[in-house]
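**Q** Take a look at this one; I'll ask things after.
The values are calculated or read from the model by the stated rules, or taken from the named source; none is laboratory data. Source: prediction; values computed, not measured. All Cβ positions, even for glycine, are placed from backbone atoms using ideal geometry, and neighbour counts span all protein chains on display.
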Amino acid sequence: MKKSGLIIIAILAVVLAALTIYVNGGNSTPKMSSDNLKVVTAPDQKEVQTHPMFTPFVYEPKKMEGTNVALEGRVQANGYTDVYPASEAINGSAEGGSYWEGPSDQSESILDLNLKKAYNIHAMKIMLNPNQIWGKRTQTLKIETSEDGKTFKEWIPLQDFKFDPKTGNEVVIDKDLEGFTETKTQYLRVTITKNTGATAGQIGEIEVYTKDK
């Protein structure tokens, strides 16, 4: 055999040996020992658990102190749209089609509430239907009070209030509102001058709270 042939055979033998070592080494399984073994104890899970990052936000309506005297009152408005009269604003529900919508042919939507007698008012809620289909909107409104139901004076000045289904589509008017002061009154007037979600003002439910009772 020629010398060149022997060299080729020798090279092939070396390559084969190296390949065999590589394959055997790749298929080897490391021996388990306490040095490279970490024991993890699974939590005692009795129910389905969700990581906080994937937990949907659930709004908890603000709990109000006192009694909602609006339910005992009488209400009237400067008009209404379709089948949504003023009485729907104090019937105890903001669900479904239970809401007042002011007249679309006037520049203001005005809702007058007679509490039947004067109360010390420390908080109010104005709500829309909390369902997600009622997209968020901003209503510009003011609230006035009266001793006789004829002459009104400003209590809550005209300002924007945001209604968002993610936060219950409710607006709370109490000590947390800048400039708020408690008032004693029998008559309340809510005037809505703008609504970004409709052509007129809307109130699903209005609640008026007192600690007098």
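**Q** If you scan the stretch 152-182, which residues turn out to be within 23 Å of TYR99 (Cβ to Cβ), among the β-branched types (Val, Ile, Thr) and at pLDDT 95 or above?
**A** ILE156, VAL171, VAL172, ILE173
**Q** Still on this structure, I have one more. Sort through GLN132, GLN159, GLN139, GLN186 and tell me the only one that's in contact with a Gly (Cβ under 7 Å, 6 or more places away or on another chain) and not hydroxyl-bearing (Ser, Thr, Tyr). Even if it seems obvious, please write down each step before you answer.
**A** Working: GLN132 fails: in contact with a Gly (Cβ under 7 Å, 6 or more places away or on another chain); GLN159 fails: in contact with a Gly (Cβ under 7 Å, 6 or more places away or on another chain); GLN186 fails: in contact with a Gly (Cβ under 7 Å, 6 or more places away or on another chain).
Exactly one residue qualifies, and that residue is GLN139.
**Q** Those residues that are assigned to a strand (DSSP E or B) and either touching a Phe, Trp or Tyr at 6+ places or on another chain (Cβ under 7 Å) or under 26 Å from SER93 (Cβ atoms) (or both), I need them from the stretch 142-156; list them, please.
**A** Answer for the stretch 142-156, where residues must be assigned to a strand (DSSP E or B) and either touching a Phe, Trp or Tyr at 6+ places or on another chain (Cβ under 7 Å) or under 26 Å from SER93 (Cβ atoms) (or both): LYS142, ILE143, GLU144, THR145, SER146, TRP155, ILE156.
**Q** What about ASP82, is it of a type in the set (Asp, Glu), at pLDDT 90 or above and part of a strand (DSSP E or B)?
**A** no
Quick grid of which residues meet (1) of a type in the set (Phe, Trp, Tyr); (2) touching a strand residue (DSSP E or B) at 6+ places or on another chain (Cβ under 7 Å); (3) assigned to a loop (DSSP other than H, G, I, E, B):
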position: ALA94; (1), (2), (3): no, yes, yes
position: SER104; (1), (2), (3): no, no, yes
position: LEU113; (1), (2), (3): no, yes, no
position: PRO130; (1), (2), (3): no, no, yes
position: THR140; (1), (2), (3): no, yes, no
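This table checks each residue for (1) more than 20 Å from LYS194 (Cα to Cα); (2) surrounded by 16 or more Cβ atoms within 10 Å (Cβ to Cβ).
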position: GLN76; (1), (2): no, no
position: THR81; (1), (2): no, yes
position: SER87; (1), (2): yes, no
position: SER98; (1), (2): yes, yes
position: GLY102; (1), (2): no, yes
position: ASP105; (1), (2): no, no
position: LYS117; (1), (2): yes, no
position: ASN120; (1), (2): yes, no
position: LEU128; (1), (2): no, yes
